[in-house]
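**Q** One structure, as structure tokens, below. Some questions next.
The values are calculated or read from the model by the stated rules, or taken from the named source; none is laboratory data. Just so it is clear, the structure is predicted and the values come from calculations on it, not from any experiment. Positions of Cβ are backbone-derived with ideal geometry, glycine not excepted, and every protein chain shown enters the neighbour counts. SASA here: full protein model, heavy atoms, side chains in, ligands and nucleic acids out. Shrake-Rupley method; radii C 1.70, N 1.55, O 1.52, S 1.80 Å.
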Amino acid sequence: MVNILSNITRDNHYIPRALLRRWTFDRNLVYAYRTLVPSESFPEWDLRHIRGIAYQRDLYTTFFRGEEVDTFEKWIKKEFEDPGLLVIRKLLDSSRLTPFDWQCLTRFMVAQDVRTPFFFMESLKRWNFEIPAALKYAIPPLLDNYRQVKTEFITVDPIPKTNALSEAFRIHVEPSPNAVSDPVTFVLEPISDRVLWISNIRRLLTTTVHKICRLCWSVAEPYGSEEWPLTDNPVLRLNYYSPEKYDFGGGWDNKGSEIIMPISPRHLMYAQVGINRPNRFPFSQQKTQIIQQLLAEHAFRWIFMRQPTDWVAKYRPRMVDQKDFYAERQAWGQWHRQQLALEARPPLP
């Protein structure tokens, strides 16, 4: 039975409030620009409290051993969010950073890249193509083990779990339509989209992240009195070739890719894989405008500023679509109930 009164974190802020607070003018209120609105009359800029923005109810809450748990929320906060925010504070105070500090900062930014709803939705599109093909290779070893047990009456050791993704799938056995050649059919499926996403994040943050902690970071300031926006998809992995040719499919360990993330309205973390830059530098007026444009284009549904700014609408015009707006709102409103129903299913035979 689900314990609905358990004391767990329900409001999962995928943009930490401590980071978003740097874009407020009073430590609480921030100007927010929506990229998808239901009508033209919808306000272009909305003054929002950071407590109620850039979060999703039960985004990371999962079902485990008969109850809802916030294990992932606590883990990512303790291991990645809190250490990274501490380093950002030191950096903005011009304190000297240790090699361990830079490692914490990189880990924070990788975590920030993969914990957002946008990353989940992009991953889901990819999984729809990748998982069926991957399962073709996973099922035969299971069937071989089953045949060996049945024909030779021996005990076969279970296939070891090789990584965090192993726990995202459930296996059950069904009678085979061709009982002569194959007495059973193995069905391997994700427990839920949420569990698969969280398991993938754990894998990335416990294995892949160690390979990319050697990036050489710089702090870049915008031209003049300009400011960097913060968005709900704040980490750019940029492949930039020209103003007409660029994409956001760069890799953390792909030589030449640029990794970009604002940490305050006046400070931007910048690294180019395989290239060392000065520790601190200002962007020219032209490059400032390019980075502002790219940050706005890369936003998912929200852009945050300390004051309403005209160039945001220029670089990222709003989509006006009432049907999509309310369909998306309804989908996220049903998110936890639907995922929980899948995760709470009894073990399959």
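**Q** Would you please name the residue that is farthest from LEU20 (Cα to Cα), looking only at residues in the stretch 252-278 that are open to solvent by 10 Å² or more (accessible area, probe 1.4 Å) and among the β-branched types (Val, Ile, Thr)?
**A** Among those residues, the one meeting the criterion is ILE275.
**Q** Could you pull out the residue among THR61, THR24, THR9 that is over 22 Å from the mean Cα position of the chain (by Cα), within 28 Å of GLN103 (Cα to Cα) and in contact (Cβ under 8 Å) with a residue 40 or more places away in the chain?
**A** THR24
**Q** Any idea which of (1) among the hydrophobic types (A, V, I, L, M, F, W, C); (2) under 13 Å from LEU230 (Cα atoms); (3) in a helix (DSSP H, G or I) is the one PHE300 doesn't satisfy?
**A** That leaves (3) as the condition not met.
**Q** Would you pick out the residues in the stretch 281-323 that are surrounded by 13 or more Cβ atoms within 10 Å (Cβ to Cβ) and among the charged types (D, E, K, R)?
**A** LYS287, GLU297, ARG301, ARG306, ARG316, ARG318, ASP321
**Q** Tell me the residue from SER39, SER94 that is over 24 Å from ILE212 (Cβ atoms), assigned to a loop (DSSP other than H, G, I, E, B), open to solvent by 30 Å² or more (accessible area, probe 1.4 Å) and at pLDDT 95 or above, please.
**A** SER39
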